[in-house]
Amino acid sequence: MSDTERKQTSICTECGFMSADGARFCPHDSTELESLSDDPLVGTIVADRYLVLSALGRGGMSVVYKARHQYMHRNVALKMIRAELEEDSFLLRRLEVESKAVSSLKHPNIVPVYDFGKLDDGTPFLVMEYLTGCDLKDHIDANAPMNYQEVLPLFKDICDALAHAHRNGVIHRDIKPSNIIVTRSEDEKKIVPIVVDFGIARM
């Protein structure tokens, strides 16, 4: 796809529908379409099954994308090493460690891992549950001051998640508010903290 075609093409960040005819809304779910970003991965299919919908966040070493499984029709979070760092064997190893660490853990407050693999060029990718919400830092900033009735359940859930990891031989080593996503239970009644980013975990 040429640069001109990318600028003219819009994508639905929910289902992956793409349009080049100037449509504003997705005909399938009425989501407002967004122009394809400058990121060359957005709008492409990774590992023959994950359509990259948008970039969720960029760190110093990796990028997390919102993607959609083409056959299961499920949105996921796709984590990949930044393109300019793909030759760094240490970073590639870290992503492998993260995949092994999280896949060994089954806890409601730890992000589930669905898939791990390598592209044809050897670049590893990690596929996790797509979480809606914000990180704990933004949650605190938006709700401060928080009383102890609000804080204690979050603190307990996070401690339970870390205790589960420790019992299974995994030490996170990078717990901080930005590595905890605050979302809601399926019935919308409970705030649920989810521990993410086991990139420097020790097993």
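The values are calculated or read from the model by the stated rules, or taken from the named source; none is laboratory data. Nothing here was measured: the structure is a model prediction, and the numbers come from that model. Note that we place each Cβ from the backbone using ideal geometry, even for glycine, and neighbour counts take in every protein chain shown. Calculation scope for accessible area: heavy atoms of the full protein, side chains included, ligands and nucleic acids excluded. Shrake-Rupley method; radii C 1.70, N 1.55, O 1.52, S 1.80 Å.
Does Asp29 satisfy being closer than 15 Å to Arg68 by Cα, assigned to a loop (DSSP other than H, G, I, E, B) and open to solvent by 50 Å² or more (accessible area, probe 1.4 Å)? Here the answer is yes, as Asp29 does meet what is asked. Of everything in segment 157-181 that is of a type outside the set (A, V, I, L, M) and assigned to a loop (DSSP other than H, G, I, E, B), the residue that is most open to solvent (accessible area, probe 1.4 Å) is Arg173.
If you filter segment 129-140 down to residues that are of a type outside the set (Phe, Trp, Tyr) and either assigned to a helix (DSSP H, G or I) or within 21 Å of Lys100 (Cα to Cα) (or both), you find that the one that is most open to solvent (accessible area, probe 1.4 Å) is Lys137.
If you go through segment 55-74 and keep only what is crowded, with 17+ Cβ neighbours inside 10 Å and within 23 Å of Ala20 (Cβ to Cβ), you end up with Tyr65, Lys66, Ala67, Arg68.
Listed here are the residues, each with its yes/no results for (1) part of a loop (DSSP other than H, G, I, E, B); (2) modelled with pLDDT under 90; (3) closer than 21 Å to Lys66 by Cα.
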{"residue": "Ser99", "(1), (2), (3)": "no, yes, yes"}
{"residue": "Val127", "(1), (2), (3)": "no, no, yes"}
{"residue": "Ala142", "(1), (2), (3)": "no, no, no"}
{"residue": "Pro145", "(1), (2), (3)": "yes, no, no"}
{"residue": "Phe155", "(1), (2), (3)": "no, no, no"}
{"residue": "Thr183", "(1), (2), (3)": "no, no, yes"}
{"residue": "Glu186", "(1), (2), (3)": "yes, yes, yes"}
{"residue": "Pro193", "(1), (2), (3)": "no, no, yes"}
{"residue": "Gly199", "(1), (2), (3)": "yes, yes, yes"}
